[in-house]
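**Q** Below you will find the structure I want to go over with you.
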Amino acid sequence: LPSSPQVLEVLKSEKTTRVVLVLDATQPVAQAADLLFQLLQQTTSLPILVVCHKCDLNGAKNWRRLKIQLRTELERLLRVSEETALFATPPLNLDDVASISFLSTSLEKTKAGLQELTAFVEKGDVPDQTITRK
């Protein structure tokens with residue numbers, strides 16, 4: 001991941017209409033959750049697609065498991081930020097966040113998920129595996 005300040009500056013742009021966050025399904029989610037948390041503190045209105053890549057590998061987590069882990073990590077980060085807040089800022093409510101979609105992709109020759117990813121990037125079409133956080 002590029003450094004978070006650089007990423008967040010791009011995401012603040014009025015030209016940004018959607019976000020794709022690619023996770024390696026074989027790795028822990030803490031770093032991605034931190035970036036997502038920072039993004040959600042900036043805006044909760046952008047549609048977000050979490051791409052769970054390498055889901056076909058042994059030991060990889062499926063998109064449902066990654067969703068649970070991301071949610072758990074976001075809740076932990078929210079608690080920590082509330083406990084250490086120095087300034088009165090509006091709290092982030094995870095239930096008020098725009099929908100987050102999840103998509104599984106693989107390394108197989110079938111290129112699973114590539115068509116859905118392309119449709120989201122080019123047109124904003126949301127894949128069927130959409131999870132609205134409520």
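The values are calculated or read from the model by the stated rules, or taken from the named source; none is laboratory data. All figures in this text were calculated on a predicted structure; none of them were measured in a lab. Reconstructed Cβ throughout: ideal geometry from the backbone, glycine too, with neighbour counts over all protein chains shown. What goes into the accessible areas is simple: the full protein's heavy atoms, side chains included, and nothing from ligands, DNA or RNA. Shrake-Rupley method; radii C 1.70, N 1.55, O 1.52, S 1.80 Å.
**Q** Just to verify a result, which residue in region 78-99, among those that are surrounded by 13 or more Cβ atoms within 10 Å (Cβ to Cβ) and assigned to a helix (DSSP H, G or I), is modelled with the lowest pLDDT?
**A** Looking at residues that are surrounded by 13 or more Cβ atoms within 10 Å (Cβ to Cβ) and assigned to a helix (DSSP H, G or I), I get L94.
**Q** When both residues are 6+ apart or on different chains and their Cβ atoms are under 7 Å apart, which pairs have a first residue that lies in region 38-53 and is among the basic types (K, R), and a second that is open to solvent by 50 Å² or more (accessible area, probe 1.4 Å)?
**A** Taking only residues 6 or more apart or on different chains, not a single pair turns up.
**Q** Determine whether I68 is modelled with pLDDT of 80 or more and loosely packed, with under 13 Cβ neighbours inside 10 Å. Quick ask: steps written out before the conclusion?
**A** Values: modelled with pLDDT of 80 or more: yes; loosely packed, with under 13 Cβ neighbours inside 10 Å: yes.
Yes; evaluated as a whole, the condition is true for this residue.
**Q** Let me ask you something else. Residue by residue through region 116-134, note down the ones that are within 20 Å of T17 (Cβ to Cβ) and modelled with pLDDT of 60 or more.
**A** Listed by number, the residues that qualify are E116, L117, T118, A119, F120, V121, E122, K123, G124, D125, V126, P127.
**Q** Here's another thing I want to ask about it. Tell me which residues, restricted to region 29-77, are acidic (D, E) and part of a loop (DSSP other than H, G, I, E, B).
**A** To start, the set of residues in region 29-77 that are acidic (D, E) comprises 34, 56, 73, 75.
Scanning region 29-77 gives a single hit, D56.
**Q** I'd like to check something: does region 42-56 contain any residue that is closer than 26 Å to K111 by Cα and of a type in the set (S, T, N, Q)?
**A** no
**Q** Something else: Given the criteria assigned to a strand (DSSP E or B), open to solvent by 30 Å² or more (accessible area, probe 1.4 Å), under 26 Å from E122 (Cβ atoms) and modelled with pLDDT of 80 or more, does V22 qualify?
**A** On the way: assigned to a strand (DSSP E or B): yes; open to solvent by 30 Å² or more (accessible area, probe 1.4 Å): yes; under 26 Å from E122 (Cβ atoms): yes; modelled with pLDDT of 80 or more: yes.
Considered against the rule, which asks whether it is assigned to a strand (DSSP E or B), open to solvent by 30 Å² or more (accessible area, probe 1.4 Å), under 26 Å from E122 (Cβ atoms) and modelled with pLDDT of 80 or more, V22 comes out as yes.
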